[in-house]
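Colleague: Handing you this structure, nothing more for now.
The values are calculated or read from the model by the stated rules, or taken from the named source; none is laboratory data. Computed from a predicted structure; not experimentally measured. Cβ: placed from backbone, ideal geometry, glycine included. Neighbour counts: every protein chain shown. Side chains included, ligands, DNA and RNA excluded: accessible areas come from the protein's heavy atoms. Shrake-Rupley method; radii C 1.70, N 1.55, O 1.52, S 1.80 Å.
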Amino acid sequence: MDNADTTVKPEMFSLPDKYYLTTPIYYVNDKPHIGHSYTTILGDILARYHRSENVPTFFLTGTDEHGQKVQRAAEAKGITPQEQCDTTVVRFQELWKRLGISNDDFIRTTQPNHKKVVQEILQDLFERGEIYKDHYKGYYCVPCERFFTTKDLKEDRLCPECGRETSEITESNYFFRMGKYQDWLIEYIKTHPLFIRPVFRANETLGFLKSGKLGDLCISRPKARLSWGIELPFDTDYVCYVWFDALINYISGVGYRQDDEKFKKWWPASCHLIGKDILTTHTVYWPTMLKAMGVEIPQTIFAHGWWLIDDAKMSKSTGNVVNPMDMIDLAGVDAFRYFLISAMTPGQDASFSQETFMTRYNSDLVNDLGNLLSRVIKMTLRVGDGVIPQHGEFQKAEYDLAAAVDNAIVTTSAAVDTMRLDYGMEQVMNAVRAGNRYLEQTAPWTLAKKGETERLNTVLYCSAELLRIVSILLDPVMPEKMAEIRYALGLSKDQTVQFNVSELRKFNSINVLSGLKVRDIDALFPRYVLPEKVKSKPVEMIETNTEGVALIGIEDFSKVQLLTAKVLEAAKVDGTDKLLRLNLEVGVEKRQIVSGIARFYTPEQLIGKLIVLVANLKPAKIRGVESQGMLLCAKGANGDLKIITVDGEFSSGASVG
Ligand code: MSP
């Protein structure tokens, strides 16, 4: 089964005994972009799925800190290479933290244990004649840091990888006898169909291996040309070639030559996730290196495609590099994770634009998922006393809904195995859409009006059950938002999420929802207005009827000081069920107010909200508690109260008016 398939066959799903997953280690010559984010998010989701299945999981990412790219970046800034590493690694670590990446370790190739392992391997291979010294004449591509022979080059000595000009170089260097493993590698790839995925990438490597004699690999750089690397233990005039050093991170990161038990537990890797740009290094250099070391070959190397920006390659010179932090600021971490994974079929390229991102955000997350949650919660609050009821007998509508959900469950599990997460997520969203259609079809409002309580209860229960299952299926993709869904359904936010087979085999296989009190939450995904779509319509002027209204002048209005205030704490006032005491942050000041909103909001719902405060109201004692101001609310015709809040991220203490 391969990701080139467009359908996922559920029966293919199988769980491994353990799961060791890696991302490439990223160069620290520059800050991370969405391409790096994609690989790491994909890895994180796969790791989370496996953990949720109780599969022992180790997820490794890190940084590649040696070599010319890093040395050059440091020179350009007038700092040492180590300073370049130490400042840039933080950019990656901060981004991974913000993106909720759950890596078990973060490896830096400048860390002493890694360097020691690389040197031990070099020494061992040298002693066993797998590494030898020779003169070498070749063509070197600086950006790719690769040597090529004449036959590898494109016309005019251009680099076959990036198409840029190469320079001719002759020097003495050390070589790894890669060429002698050519036949073995061809055979290995042919007999291990899961080794390189997708299949067309395996064919690419095979094509390369069969196109001519595989040369030996130059694994050293004379210090005179490049000093930033791991010194060869048998010749201090040289440092190790950055790729030879970098690939070893996959074993040094799990205890190779340091902790046998740990190494035995995790190696061979279940999957090295890589981008298609680094296929040869991973599918030719790495397996031959391991073969020479006598170490097992990883199970799978999965090469995904590239993110293009508006169909063009991302590049600093074009100025089209997308900063992941900006995208997170725009729509939140979970929405960004969702988009990157749902919009790319692993293996193929995909095109990123802010507009496609936000259009998909509005349609899938706001209109479909967010809307379903808000409909279910509101309905349960209004017609079901806020409690998820016991369901009555299922009818065709429920069986259809259950079929859509069951399909999403099976497809998601299979999609993890087949690397078609995009397809799995599409099926989950199809179940969400089925949920919205179900509500339209069963019309719970009408059922409530007609007093058909049993039927209404079934609809409320089933739509909540759908959301519960969706919150588990999409938890690895959007952990924060899915926890919010469970919280809204009355479940605990931090309840362990597991793909526990007995719990999640089928729609309604267990009933954990009936009897739970739902919680009203803010919109799960606030709608984003696409800039292009904002058109100012001419406003129709309507005659205002001011009769009987006590008009005030602007000077009167300006006497009222309205300020934004953040709710830090909230609690019920003793002896009454109407009042809440709120502790507020108003700029640098702290205030306490008492408000009659206890019947409309629980204290937890208010914490963190940015409200509007009448700040210059005379302090008053309400039920013995001092109130230093008043918050603004909108009052509905039925007496419902809704607090006025400030749209988006904003500071407290700002004036309103
Ligand atoms: N340091 C090497 C990898 C060594 S692994 C032993 C390297 N680093 S890199 O910083 O250039 O990052 C490469 C990886 O970033 C790619 O393989 C891919 O996973 C990801 N991406 C970089 N640009 C990308 C896109 N435009 N789109 C998707 N992912 C890409 O190579």
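Colleague: Subtract the Cα-Cα distance of ILE622 and ILE607 from 0.36 nm times their separation in residues, and report this length gain in nm to one decimal.
Modeller: Additional length available on full extension: 3.3 nm.
Colleague: Just the number please: accessible area per residue for the chain, 1.4 Å probe, all protein chains included, in Å².
Modeller: 46
Colleague: Give the angle, between 0 and 90 degrees and rounded to the nearest 10, that separates the Cα long axis of helix 182-191 from the longest principal axis of the Cα atoms of the chain.
Modeller: 40
Colleague: Let me ask something else about it. Report, in degrees rounded to the nearest 10, the 0 to 90 angle that the Cα long axis of helix 396-418 makes with the longest principal axis of the chain.
Modeller: Long axis of 396-418 versus the principal axis of the chain: about 30 degrees.
Colleague: Give the relative contact order (percent, whole number) for the chain; include only Cα pairs under 8 Å separated by 6+ residues.
Modeller: Answer for the chain is 11 percent.
Colleague: How much of the DSSP bridge set in the chain is antiparallel, in percent, rounded to the nearest 5?
Modeller: Roughly 70 percent of the DSSP beta bridges within the chain come out antiparallel.
Colleague: With label points built 7 Å along Cα→Cβ from the Cα atoms of ALA224 and GLU94, find their separation and express it in nm.
Modeller: Placing both labels 7 Å along Cα→Cβ, they lie 4.2 nm apart.
Colleague: Continuing with the same structure: If the chain between GLU426 and GLU261 were fully stretched, how many nm would it gain, using 0.36 nm times the residue separation less the Cα-Cα distance?
Modeller: Computed gain between GLU426 and GLU261 is 55.4 nm.
Colleague: Same structure again: If R0 is 22 Å, what FRET efficiency do you get for ALA76 and ILE169 from their C-beta distance, rounded to 0.05?
Modeller: Plugging the Cβ-Cβ distance into 1/(1 + (r/R0)^6) gives 0.50.
Colleague: Also, I was wondering about something else. LYS180: which lysines have alpha carbons under 17 Å from its alpha carbon, excluding same-chain residues fewer than 8 sequence positions away?
Modeller: Answer for LYS180, where 17 Å is the Cα cut-off: LYS133, LYS210, LYS213, LYS291, listed by chain and number.
Colleague: Now a separate question. Compute, for the chain, the length of the dipole vector about the Cα centre, with Cβ point charges of +1 (Lys, Arg) and -1 (Asp, Glu) only. Units Debye, rounded to 20.
Modeller: 880
Colleague: Further question on the same structure: Along the charge dipole of the stretch 560-656, pointing to its positive end and built from +1/-1 on Cβ of Lys, Arg, Asp and Glu, which listed residue (PRO603, ALA570, LEU617) has its Cα farthest out?
Modeller: Farthest towards the positive pole: LEU617.
Colleague: Peptides 373-379, 123-129: what's the order by average Cβ count within 10 Å, highest mean first?
Modeller: 373-379, 123-129
Colleague: Which one of GLY212, LEU122, VAL656 is farthest out on the positive end of the charge dipole of the chain, using unit charges on Cβ (Lys, Arg +1; Asp, Glu -1) and the Cα centre as origin?
Modeller: With unit charges placed on the Cβ atoms, the residue in question is VAL656.
Colleague: Measure nothing but the geometry: give the 0 to 90° angle between the long axis through the Cα atoms of 421-442 and the longest principal axis through the Cα atoms of the chain, rounded to 10°.
Modeller: 20
Colleague: Still on this model: Using 0.36 nm per residue, how much length does the chain from THR359 to SER14 gain when fully extended, once their Cα-Cα distance is taken away?
Modeller: 120.7 nm
Colleague: Carbon and sulfur atoms: what percent of the 1.4 Å accessible area of the chain do they account for?
Modeller: 50
Colleague: Also: At a Cα cut-off below 16 Å, give the aspartates and glutamates reachable from LYS566, other chains included and same-chain residues fewer than 8 away excluded.
Modeller: Excluding near neighbours in sequence, the set is ASP522, GLU585, GLU589, GLU604, ASP647, GLU649.
Colleague: Would you work out which of SER627, ALA331, GLY305 lies farthest towards the positive end of the dipole of the chain? Charges go on Cβ: Lys and Arg +1, Asp and Glu -1.
Modeller: Of SER627, ALA331, GLY305, it is SER627.
Colleague: Okay, moving on. Please report, in debye to the nearest 20, how large the charge dipole of the stretch 344-478 is about its Cα centre when each Lys and Arg carries +1 at its beta carbon and each Asp and Glu carries -1 there.
Modeller: With only Lys, Arg, Asp and Glu charged at Cβ, the dipole is about 500 debye.
Colleague: Any lysines with Cα under 19 Å of the LYS18 Cα? List them, leaving off those in the same chain fewer than 8 positions away.
Modeller: LYS262, LYS264, LYS265
Colleague: Calculate for the chain the 222 nm mean residue ellipticity that helices alone would give, adding -39,500 (n - 2.57) per DSSP H run of length 4 or more and normalising by residue count, nearest 500 deg cm²/dmol.
Modeller: -11000 deg cm²/dmol
Colleague: If I take R0 = 60 Å and measure r between the Cβ atoms of ASP520 and HIS135 in this structure, what FRET efficiency does the formula 1/(1 + (r/R0)^6) give, to the nearest 0.05?
Modeller: Efficiency at R0 = 60 Å is approximately 0.20.
Colleague: Roughly how many Å² of THR170 are accessible to a 1.4 Å probe, to the nearest 10?
Modeller: 100
Colleague: Then there is this: Under a point spin-label approximation (7 Å from Cα along Cα-to-Cβ), what is the ASP647-LYS396 distance to one decimal in nm?
Modeller: My value for the distance between the label points is 4.4 nm.
Colleague: While we're here: Residues with beta-carbon under 15 Å from that of GLN71, excluding GLN71: net charge, scoring Lys, Arg +1 and Asp, Glu -1?
Modeller: For residues surrounding GLN71, the net value is -3.
Colleague: Still on this structure, please answer the following. Could you tally the net charge around PHE352, taking each other residue with its Cβ under 13 Å from the Cβ of PHE352, Lys/Arg +1 and Asp/Glu -1?
Modeller: -3
Colleague: Next question, about the same structure. Excluding GLY215 itself, calculate the net charge of residues whose Cβ lies under 14 Å from the Cβ of GLY215, where each Lys or Arg counts +1 and each Asp or Glu counts -1.
Modeller: +3
Colleague: Highest mean first, what order results for 402-408, 25-31 on Cβ atoms within 10 Å?
Modeller: Ranked from most to least packed, the peptides come out as 25-31, 402-408.
Colleague: Here is a further query. What ranking do 437-445, 409-417 get when scored by the average of other Cβ atoms within 10 Å per residue, highest first?
Modeller: 409-417, 437-445
Colleague: Moving on. Place a +1 charge on the Cβ of each Lys and Arg in the stretch 189-320 and a -1 charge on the Cβ of each Asp and Glu, then give the dipole magnitude about the Cα centre in debye, rounded to the nearest 20.
Modeller: The calculated dipole for the stretch 189-320 is roughly 320 debye.
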